[in-house]
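What follows is a set of notes on a single structure, which appears directly below.
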């Protein structure tokens, strides 16, 4: 018997106990492991309210492109086909497999509450199908908009238009079955209310778990050290990154620390080294102590998505602010506004990279210290102080 099937059987046995029958049940769903911080933040909230929570995720690590074992209690890991490229038919098949199997597990669990992260859009379609036939509360929590964030434009996007419309409709034609839609930025709230006017939409910023902070030295007199956090893939604007850091390296020594891997890592390393940037790749780092030691060597983080990527709130920038690391940014929406108004970094002008490079070179140790404090203040004020009871009110009304 498969491990996830054993878990379902145990849930059915447990549900026969009178004391458990009185408790509400919730299924938290996240296809991708890069949403785990957010989904576990929500999971802990439900558990504190005495709700029995089952976590459903896939058995495939999106970052490392390998199968893995989740280390969480009450977890069903759905077996899915592997894929190597983020934009591929194989990934679509993997997502559809996850959505279909998750739908079948939910039918067996019969939860009172379903909390589902998206993308993928196919999950929304299957969960909405379940909602139409069963009495339960459904929350969809969105972190990205696909296909809107697909990094293609012009004639390629026009040629793909029929497929992209079908892709978007998987979400847009069914999402209003939800009792509540949560999104991760104010810019996303405005988009969501326009697209889905008949469902409540609320803001849930990324949840931050306070940890020991790095001990920065803020010494940029002789060199500038950058940190790139995350997967190096089609979203990363490698050419812009190299162009900006290359211009800085003409005047000052530049070191680039990379916490992560990805299909385009070798391309980044080659192009960066060709313009005199010293690269120090650290691979995927899960140990918080090791990651903190890397941050302590850095002066600025990097959040430079490609221009076609309409990211409203970058996980990179959230972590940078959480550890007090100022950053350079091209992300739009809330990403741009936070940097522009809160003095937590520097927004990069794509049309004048020389000016942007000079802005970095003009940073002093004192200015960086102020930016670092601003990062921590903003993170604590906005990310650590959210009232989940109020945000999720619709979930508990008549539930």
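A few points about this structure:
- What the Cα atoms of segment 318-399 give is an Rg and a Dmax of 16.6, 58 Å.
- Stokes-Einstein diffusion of segment 169-278 at 25 °C, 0.890 mPa s viscosity, Kirkwood radius from Cα pairs, rounded to a whole number: 139 µm²/s.
- Separation of segment 253-293 and segment 61-136, taken as the distance between their Cα centroids, equals 31 angstrom.
- Projected area averaged over orientations for segment 155-213, convex hull of C-alpha atoms, nm²: 6.6 nm²
- Here the label points at residue 212 and residue 252, each 7 Å from Cα along the C-beta direction, are separated by 2.9 nm in the simple model.
- Percent of beta bridges antiparallel (DSSP, segment 223-382, rounded to nearest 5): 10 percent
- When both bridge partners sit in the chain, DSSP labels roughly 10% of those beta bridges antiparallel.
- Long-range Cα-Cα pairs in the chain (distance over 30 Å), rounded percent: 43 percent
- DSSP finds beta bridges in segment 36-169, and of those with both partners inside it, around 15 percent are antiparallel.
- As a calculated quantity, the FRET efficiency between residue 349 and residue 49 at R0 = 30 Å, using C-beta atoms, amounts to about 0.05.
- Distance between the 7 Å Cα→Cβ label points at residue 297 and residue 384: 2.7 nm.
- Gyration tensor (alpha-carbon) shape descriptor, segment 223-382, a/c threshold 1.5: rounded
No value in this document is a laboratory result; all are computed from the given coordinates. Owing to the predicted nature of the structure, the values given are computational and were not obtained by experimental measurement. Don't worry about glycine lacking a Cβ; one is built from the backbone with ideal geometry, like all the others, and counts go over all protein chains shown.
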